[in-house]
1. Can you give me the number of residues within segment 168-218 that are touching a residue at least 40 places away in the same chain (Cβ under 8 Å), touching a Lys or Arg at 6+ places or on another chain (Cβ under 8 Å) and not hydrophobic (A, V, I, L, M, F, W, C)?
2. Counting only residues that are crowded, with 23+ Cβ neighbours inside 10 Å, give me the strands (runs of 3 or more DSSP E) lying completely in segment 171-290 with at least 3 of them.
3. What's the number of the only condition in (1) touching a strand residue (DSSP E or B) at 6+ places or on another chain (Cβ under 7 Å); (2) closer than 21 Å to Ile62 by Cβ; (3) among the hydrophobic types (A, V, I, L, M, F, W, C) that Val274 fails to meet?
4. Tell me yes or no: at least one residue of segment 16-27 is open to solvent by 50 Å² or more (accessible area, probe 1.4 Å), away from the ligand (no atom under 16 Å from the Cβ) and either under 26 Å from Ala210 (Cβ atoms) or not basic (Lys, Arg) (or both).
5. Go through Arg118, Arg87, Arg129, Arg112 for me and flag whichever is modelled with pLDDT under 95, more than 12 Å from the ligand (Cβ to nearest atom) and surrounded by fewer than 23 Cβ atoms within 10 Å (Cβ to Cβ).
6. What do you reckon, is Gly183 out of contact with any Leu (no Cβ under 8 Å at 6 or more places or on another chain) and modelled with pLDDT of 95 or more?
7. Considering Leu151, Leu164, which residue is farther than 30 Å from Lys200 by Cβ, in a strand (DSSP E or B) and either hydrophobic (A, V, I, L, M, F, W, C) or touching a Pro at 6+ places or on another chain (Cβ under 7 Å) (or both)?
Amino acid sequence: MSSNADLASRVDTSDEWIRTRTGIHQRHLADPGQMSSDLAHQAALQALSAAGIAAADLDLIIVATSTPDFIFPSTACVLQAKLGAARCPAFDVQAVCAGFVYALDIADKFIRSGAYKRALVVGTEVFSRILDWSDRGTCVLFGDGAGAVILAAADRPGVRASVLHADGSHAGILSTPGQLCGGKVTGDPFLRMDGQAVFKLAVRVLDEVARETLALCEMQPADVDWLIPHQANVRILDATAKKLGISPAKTIMTVDRHANTSAASIPLALDVAVRDGRIKAGDKVLLAGVGGGLTWGAVFVEI
Ligand code: UT7
């Protein structure tokens, strides 16, 4: 765990600035030897245990990450081997902070098609590896982590509706623009961001995609029991909930303890709220993510 005070000893920032501008109090940082697949492995084991199934029962593994272990093989394949879930298809999805809703939607569609019965969907990141620790405008915002869910074929509703979008014309406002050349990263290998541009777009598209998703199943924001937006910044969460007319009391907020963990933020928040008893079976939960690309999407799910 790394507190805001810890960061203030490394860069020109303060606990007060970070708390008031972002709502972040602390973040978890992976040990140097821990990779995305290691965090994913822990999250996957907990999800399997909660679902009461074995790794061998999985038909599909999808990992959302922008900080994979390797260029290839995919982190999903590395995870599959760690779980001992041989032979089922496994692949990564790269949609940055919207990665988990992308992966969930893909898994849902595979299951609906009848191709697979049980899917493991993981969001995992070690963003600490792509942060410029001398850039106070970005390094204070992110953390490492992983969260996972199991999706299974059933006659209950589960995922009621989902919508994904992307607009590559905004690629420049949030990126890690380094390139691979001759076996080396050339150019800038660190995360760069126009924070205010991301902020404004994030609030707009989260509101739009939430409404679009609810409309697909003839629901209103008032029908949402719990809203779980991507945990980027408490001000983005508050503004999104306010635009949608959803009470802050129905909005799950874990950015204070995890910071922005990109593709891991939504499943981590879901996990916290399920384990502390707020989200219960039968609740209608709206997950909404936005990230570099720009990518964004929402999944409305009955737990
Ligand atoms: O998954 C999506 C990822 N992206 C995001 O979540 C980013 C969304 N954007 C944001 O969350 C906000 O734009 C930030 C938190 C990044 C920045 O907040 P802001 O209210 O937009 O601040 P700002 O960029 O306008 O900066 C205000 C001041 C500047 O100083 P001057 O020019 O007013 O003297 C910055 O240099 O705050 C300064 N500043 C800091 N000061 C202390 C920037 N970072 C820090 C820092 N500590 N860590």
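The values are calculated or read from the model by the stated rules, or taken from the named source; none is laboratory data. The shown structure was predicted, so the numbers you read here are calculated from the model rather than taken from an experiment. FYI the Cβ positions are ideal-geometry reconstructions off the backbone, even for glycines, and counts take in every protein chain you see. Remember, those area values only see protein heavy atoms, side chains included, never the ligands or the DNA or RNA. Shrake-Rupley method; radii C 1.70, N 1.55, O 1.52, S 1.80 Å.
1. Adding up the residues that qualify gives 2.
2. Values: elements: 179-181, 184-186, 226-229.
Counting at least 3 such residues, we get 226-229.
3. (1) is the only condition that Val274 fails.
4. Checked segment 16-27: no residue is open to solvent by 50 Å² or more (accessible area, probe 1.4 Å), away from the ligand (no atom under 16 Å from the Cβ) and either under 26 Å from Ala210 (Cβ atoms) or not basic (Lys, Arg) (or both).
5. Numbers: Arg118 fails: modelled with pLDDT under 95; Arg129 fails: modelled with pLDDT under 95; Arg112 fails: modelled with pLDDT under 95.
Exactly one of Arg118, Arg87, Arg129, Arg112 is modelled with pLDDT under 95, more than 12 Å from the ligand (Cβ to nearest atom) and surrounded by fewer than 23 Cβ atoms within 10 Å (Cβ to Cβ), namely Arg87.
6. Numbers: out of contact with any Leu (no Cβ under 8 Å at 6 or more places or on another chain): yes; modelled with pLDDT of 95 or more: no.
It is false that Gly183 is out of contact with any Leu (no Cβ under 8 Å at 6 or more places or on another chain) and modelled with pLDDT of 95 or more.
7. Step by step, each of Leu151, Leu164 is checked, and only Leu151 is farther than 30 Å from Lys200 by Cβ, in a strand (DSSP E or B) and either hydrophobic (A, V, I, L, M, F, W, C) or touching a Pro at 6+ places or on another chain (Cβ under 7 Å) (or both).
Results for (1) at pLDDT below 95; (2) farther than 21 Å from Tyr102 by Cβ; (3) among the aliphatic types (A, V, I, L, M), shown as yes or no for each residue.
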{"position": "Val159", "(1), (2), (3)": "no, no, yes"}
{"position": "Val163", "(1), (2), (3)": "no, no, yes"}
{"position": "Ala166", "(1), (2), (3)": "no, no, yes"}
{"position": "Ile173", "(1), (2), (3)": "no, no, yes"}
{"position": "Gln196", "(1), (2), (3)": "no, yes, no"}
{"position": "Leu227", "(1), (2), (3)": "no, no, yes"}
{"position": "His230", "(1), (2), (3)": "no, no, no"}
{"position": "Val234", "(1), (2), (3)": "no, yes, yes"}
